[in-house]
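A.B. asks: First, the structure itself, so that you have it in front of you.
The values are calculated or read from the model by the stated rules, or taken from the named source; none is laboratory data. The structure displayed is predicted, hence computed values, not measured ones. All Cβ positions, even for glycine, are placed from backbone atoms using ideal geometry, and neighbour counts span all protein chains on display.
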Amino acid sequence: ARLKEGLTKTRKSLSSGLNSIFSGFSHIDDDFYEELEEVMIMSDLGVRATDEILEKLKQQVKEQHIKEPADCRELLIRTIREQMDVGENAYDFEKERSVLLVVGVNGVGKTTSIGKLASQQKQLGRKVILAAADTFRAGAIEQLGEWAHRAGVDMIAQGEGSDPAAVVYDAVSAAKARHADILICDTAGRLHNKKNLMEELKKINRILDREYADAHKETLVVLDATTGQNAMAQAREFMAAADVDGIILTKMDGTAKGGIAVAIQAELGIPVKYIGIGEKIEDLQKFDADAYVEAIFN
Ligand code: GDP
């Protein structure tokens, strides 16, 4: 119910567009597909994902001798659903001793998402430590500290401007000493300075590989869904700087661009693992493709 409420804007924009096509056309022809394409692209499904989905749809319409546009609807929903597979091992970090590197440009909701994630992990009974390795943005350490306090977890920090890799080193020592189950590192997302970003992530990864080799390591990119195709561009830049294992897609509640989740998985081949649907600590959900498709179409 929370998800459905959160995705209201996306559902309205996508459903009303699709419904008018499905009821407005008397038969399936090129115009029908063209209008479908337009609505899908307007809902930020992206050109590539839209093309792939429509190709599959056309093939199935042919194979199954479908004549009525209305009968296409279920088929389209199923085809979109098939594009989105989070993968069986997507949440393995929840079961093992693990370390997450969380990256994202300022304002996307990185700190908030880390706070929400920390709270969830703690509620699962796991010992959580946060590393304040975004030492670049003013106020980032204090803000993370507030979330740590709210979630009831420990945070390891040094001063603003300190070496992020040194913070991670300290945090790994603390994680070992305190037998942490999960270490979540808040790192800076300096996309405007790609060389620094790459160097910083490399240095942090070197420390983790050396000092914390037995921990399951993942890099998660936080993207703001309201920025639509811009979010895709950001994801690509982070992918160039690091091995990205998953996406946290925030602010899905405030946007009609929720279709971006489809584009991300189809075009980047990276699973959306979590979506943010509000500002509160409980407003982060594991991405559930069935629930997502249900929420935006029904
Ligand atoms: P950061 O600069 O990336 O660390 O971003 P913050 O975590 O400070 O978040 C920026 C703003 O986005 C804050 O006002 C958050 O409350 C808000 N925010 C984060 N996630 C969500 C979300 O899923 N939905 C909504 N509506 N707001 C969010």
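A.B. asks: Mind counting the residues in the stretch 172-188 that are charged (D, E, K, R) and within 16 Å of the ligand (Cβ to nearest atom)?
C.D. replies: Result for the stretch 172-188: 1.
A.B. asks: To continue, here is another question. Would you please list the contacts, defined by Cβ atoms under 6 Å and residues six or more apart or on different chains, that run from a residue in the stretch 271-298 that is at positive phi to a residue that is within 9 Å of the ligand (Cβ to nearest atom)?
C.D. replies: Final answer for the pair search is G278/D253.
A.B. asks: Go through the stretch 126-165 and give me each residue that's within 15 Å of the ligand (Cβ to nearest atom) and basic (K, R).
C.D. replies: R137, R150
A.B. asks: In the stretch 164-185, which residues are of a type outside the set (A, V, I, L, M) and in contact with a Phe, Trp or Tyr (Cβ under 9 Å, 6 or more places away or on another chain)?
C.D. replies: P164, K176 - these are the residues of the stretch 164-185 that are of a type outside the set (A, V, I, L, M) and in contact with a Phe, Trp or Tyr (Cβ under 9 Å, 6 or more places away or on another chain).
A.B. asks: Now for a separate question. For the subset of the stretch 148-158 comprising residues that are without any contact (Cβ under 8 Å) to a residue 60 or more places away in the chain and touching a helix residue (DSSP H, G or I) at 6+ places or on another chain (Cβ under 8 Å), which member is farthest from V105 (Cα to Cα)?
C.D. replies: For the stretch 148-158, the residue satisfying everything is G152.
A.B. asks: Hey, another quick one. If you check I204 against the conditions, is it buried (at least 21 other Cβ atoms within 10 Å of the Cβ) and more than 16 Å from the ligand (Cβ to nearest atom)?
C.D. replies: Yes.
A.B. asks: Which residues, counting only those in the stretch 102-125, are outside any helix (DSSP H, G or I), more than 6 Å from the ligand (Cβ to nearest atom) and in contact (Cβ under 8 Å) with a residue 60 or more places away in the chain?
C.D. replies: V102, V103, V105
A.B. asks: Right, another one. For the stretch 104-116, name all the residues that are modelled with pLDDT under 95 and β-branched (V, I, T).
C.D. replies: Across the stretch 104-116, the qualifying residue is only V105.
A.B. asks: For residues that are in contact (Cβ under 8 Å) with a residue 12 or more places away in the chain and of a type outside the set (K, R), tally how many sit in the stretch 52-67.
C.D. replies: Of the residues in that region, 7 qualify.
A.B. asks: Assigned to a helix (DSSP H, G or I), touching a residue at least 24 places away in the same chain (Cβ under 8 Å) and not β-branched (V, I, T): which single residue out of L36, L75 fits that description?
C.D. replies: Selected residue: L36, the only one of L36, L75 that is assigned to a helix (DSSP H, G or I), touching a residue at least 24 places away in the same chain (Cβ under 8 Å) and not β-branched (V, I, T).
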